[in-house]
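The values are calculated or read from the model by the stated rules, or taken from the named source; none is laboratory data. Being a predicted model, the structure only gives us computed values, none of them experimental. Heads up, the Cβs are rebuilt from the backbone with ideal geometry, glycines too, and the neighbour counts pull from every protein chain shown.
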Amino acid sequence: MLLEHNCAIEMRGITKRFGQVVANDSIDMRINRGEILALLGENGSGKTTLMNMLSGIYQPDEGEIYKDGERIFIRSPREAYGYGIGMIHQHYKLIEVFTAAQNIVLGLDDEKMDLRRTNEKVMEICSRYGFEVDPSRKVYDMSVSQKQTIEIIKVLYRGADILVLDEPTAVLTPQETQKLFKVLLNMKADGKAIVIITHKLHEVMEVSDKVAVLRKGKYIGTVNTSETDPQALTDMMVGHAVTLNIERPRYPEPKRKLVVENLTCVDNEGVRKLDRVSFEANTGEILGVAGISGSGQKELLEAITGLYPVKEGSIRFVRDDGSEAELVGMTPRRIRETGVGMAFVPEDRLGMGLVGSMGMTGNMMLRSWRNGRGAFLRKKEPEDLANGIWKELDVVTPSITYPVRRLSGGNVQKVLVGREIAGNPQVLMTAYAVRGLDINTSYTIYNLLTEQKMKGVAVLYVGEDLDVLIELADRILVLCGGQVAGCVDARSVTKEEIGLMMTQFNAKGAE
Amino acid sequence: MTTIITLITAAVTFGTVLMYGTLGEILTEKSGNLNLGVEGIMYMGGAFGLAGAFYYEKAAGAAVSGPLAIIIAIAAAFAAGMAASAIYSFITVTLRANQNVTGLALSIFGTGIGQFVGEFMRVSEGGYVALSNDLKGVFSAQVFPKFLVDIPVIGSILFSHTIFFYLAIAVAVLMYLFLAKTRYGMYLTAVGESPSTSDAAGINITKYKYLATVIGGGISAIGGMVYIMTTAGCVWNHEGLSGVGWLAVALVIFCMWRPLNAIWGSVLFGAMMIMYLRVSIPFIPTEIYKILPYIVTVIVLILTSMRNSRDRQPPASLGLNYFREER
């Protein structure tokens, strides 16, 4: 019974639902002391949700949590601290204008406020685990990795012996990552139970003792890191292909429609979001774009639509007569005026796509307001269009003037896609078009996209569900860390191959 | 020399009014609540403060006690300010309505209530509401002994003011100590900087926002009362009070949300506001003088944003409501 003795936390049958979506489906898991457990899974596989239930942010709908064999109920982050559980979130929760020490003691009522003693205690924790930190420094003067260190110390200061780190290396440089791993190993040697949530395989292999894999909210299994390899983990992570039966007709004669060459984009902080990306999109083809979230998908679509500044490279639109139009440097309005028919269904439907407080008619007009006569709007056409979409796509809404904000996610998406398609685009770009939608609406969207494709439209489909990409798209472009990891034929590729392309490239980049 | 001294004493008199308004608003804004209703709150403080003292004198008759009248006036104004800010807190913190809209509505509401109470007293008392001359004297009496006041120059600059000025300084110092030295002051700052962080740390956001806003409103309201009872001569005078609340809001920015800055800042603003009465330059209309404080505020804003000092910034969540489940 040595195993029982080591077990710090046991989760049994944990289920969490958000509306219709099951984020965690009866998960059983153990977290042992003196061990680093890597919680591995794709985006949306429920890793963070599961750990949030441990840290008191969510409550499980079903299931039980045991600490040292005793059943516990964690209702708030504060109670989680009481049980010695501390979570370091992806977005740090620190007060910028406070010093490190002030941040560390924030909320500790029962202790006398004595910053000098706090500093001493912080220094003691630092020397024990190998942190380097100046307690009297203000947080706004700190680098990202120093802020992370403060978060970890904050948790340790409260006496946590079970630490959960949500994607701790996402924002760190390779050197900082190594430092963090050293600290984690020190804490492990000190008998603490550590969980790191991640989707980077090489880090899993490097630092963890055990790997627990989640896929689509389900617990797949736990393996010892020493007895596995990246290929086996990828298989567990993406799973066997599921047949979805999405219709995929072939378009008779595809032609080049959009040519992207050496596209490089840099964000405000100087990070390369896109690095020499080149590909072609053809008419009558759905080009799937796969990648771990944040690999440059959003920037790619926004650069093509003229919303994201391009540093280098070229984006050319091929007209029907074979002539090409350069799109880099043009505003979205100029692009439309040059007769380039592009439609964009953004990820953020109610932020970038639609105006939530306006009805369907008003939202239709966003595309056609310039057609008015003088100062007055012409409402007739948008109204007809709204009525058409309402009927054809079965949008559930009391009227076409009802604010779209109050519609369900699926109906919002139908309104948005309907509007974008109505303009008869030649290039249609969608970002996470079925995120949060139920099965039926998802199929409606798939059918609409295929319909467009058969009309000769070049469709770009950024998606996260590999099963869908493999069955819906004709070709799949895989992005990894802003670079093209490959462009493959969707009809012959396997899910495991794509999974590996999505993750392995990262490993190369970091070394 | 005498001109400068009279200018300073007059600036302090008007600055005292501003100081209460500003200090109250600093406390409120530290919690992340941008209460634009200061104007209305100060109106209510003026009207209710006057009413408190007036009806007390009426009830007590000849047995009226000066100090008690002052305490009643302060208490009445404070209560009125608290009530107005409680409405604001309920609407913004509990119901999570837009802070700007609510604050502006409170401004209009408060000036209306102030006017109503002032006029109601006038009509019901048959024409003229004023305290007896003796009591008026108590409100504008100098607190320090005569020999201190009589010290040349320094005497009239430092010791010739009413009790309200010294009380305001005490409030400013106490507020500074509270914010800089105590745990609860640190928590309040944390709430105004990042409610979600504070929430995760187990701080009761709602409690801190309510308390800071309600007490801040009470302090602001005292300013209105001080104006009516000193400068306006214990008579309801809505014209003089108009715009003071807005000036206090500007002064909060000028002071960079620091209570100690409010002491000299409000005297400076007071000086700018009354300069047209004392230092008149031909051909320059008085309105130009009156916009001086706002111009100075704008310049301060520009300078601080150019210096880009991370310490001299508004509370990071100022004007934003907090809703835990929104992420």
*Assuming B:Val143 fulfils every condition listed in (1) part of a helix (DSSP H, G or I); (2) in contact with a helix residue (DSSP H, G or I) (Cβ under 6 Å, 6 or more places away or on another chain) apart from one, which condition is it?*
(1)
*Mind listing just one residue for me: the one in the range B:305-327 that is more than 23 Å from B:Ala212 (Cβ to Cβ) and of a type in the set (Ser, Thr, Tyr) and, of those, farthest from the other protein chains (Cβ to nearest Cβ)?*
B:Ser305
*Have a look at B:Phe159, B:Phe178, B:Phe144 and point out the one that is within 14 Å of chain A (Cβ to nearest Cβ) and of a type in the set (A, V, I, L, M, F, W, C).*
B:Phe178
*Can you confirm whether the range A:88-107 contains a residue that is out of contact with any helix residue (DSSP H, G or I) (no Cβ under 7 Å at 6 or more places or on another chain), surrounded by 18 or more Cβ atoms within 10 Å (Cβ to Cβ) and more than 27 Å from B:Pro314 (Cα to Cα)?*
no
*So which residues in the range A:480-496 are outside any loop (DSSP other than H, G, I, E, B), within 16 Å of A:Gly463 (Cβ to Cβ) and not small (Gly, Ala, Ser)?*
A:Cys480, A:Cys487, A:Val488, A:Lys495
*Single residue of A:Val395, A:Val404 found to be under 15 Å from A:Leu437 (Cα atoms) and not assigned by TED's automatic domain parsing to the domain that holds A:Thr444*: A:Val395
_Selection count where residues are closer than 19 Å to A:Pro77 by Cβ, within 13 Å of chain A (Cβ to nearest Cβ) and either touching a residue at least 40 places away in the same chain (Cβ under 8 Å) or not aliphatic (A, V, I, L, M) (or both), scope the range B:184-230_ = 14
*Could you pull out the residue among A:Met113, A:Met87, A:Met123 that is modelled with pLDDT of 85 or more and either assigned to a loop (DSSP other than H, G, I, E, B) or away from every other protein chain (no Cβ under 14 Å) (or both)?*
A:Met123
*Given (1) surrounded by fewer than 18 Cβ atoms within 10 Å (Cβ to Cβ); (2) at pLDDT 85 or above, index of the condition A:Gln148 fails*: (1)
*With (1) crowded, with 19+ Cβ neighbours inside 10 Å; (2) assigned to a helix (DSSP H, G or I) as the list, and B:Cys234 as the residue in question, which single condition is left unmet?*
(2)
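Going by the structure shown, is B:Ala172 within 14 Å of another protein chain (Cβ to nearest Cβ), surrounded by 21 or more Cβ atoms within 10 Å (Cβ to Cβ) and either without any contact (Cβ under 8 Å) to a residue 40 or more places away in the chain or touching a Leu at 6+ places or on another chain (Cβ under 7 Å) (or both)?
On the way: within 14 Å of another protein chain (Cβ to nearest Cβ): no; surrounded by 21 or more Cβ atoms within 10 Å (Cβ to Cβ): yes; either without any contact (Cβ under 8 Å) to a residue 40 or more places away in the chain or touching a Leu at 6+ places or on another chain (Cβ under 7 Å) (or both): yes.
Judged against the criteria, B:Ala172 is not a match.
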*Filtering the range A:126-147 down to residues that are assigned to a helix (DSSP H, G or I) and basic (Lys, Arg), which residue is nearest to the other protein chains (Cβ to nearest Cβ)?*
A:Lys147
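More than 30 Å from A:Leu500 (Cβ to Cβ) and acidic (Asp, Glu): is that true of A:Glu42 in this structure?
Values: more than 30 Å from A:Leu500 (Cβ to Cβ): no; acidic (Asp, Glu): yes.
Judged against the criteria, A:Glu42 is not a match.
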*Go through A:Asp474, A:Asp465, A:Asp489, A:Asp438 for me and flag whichever is charged (D, E, K, R), on the phi < 0 side of the Ramachandran plot and touching a Lys or Arg at 6+ places or on another chain (Cβ under 7 Å).*
A:Asp489
*Mind telling me which of the residues A:Gly436, A:Gly410 ends up being among the small types (Gly, Ala, Ser), touching a residue at least 12 places away in the same chain (Cβ under 8 Å) and assigned by TED's automatic domain parsing to the domain that holds A:Val462?*
A:Gly436
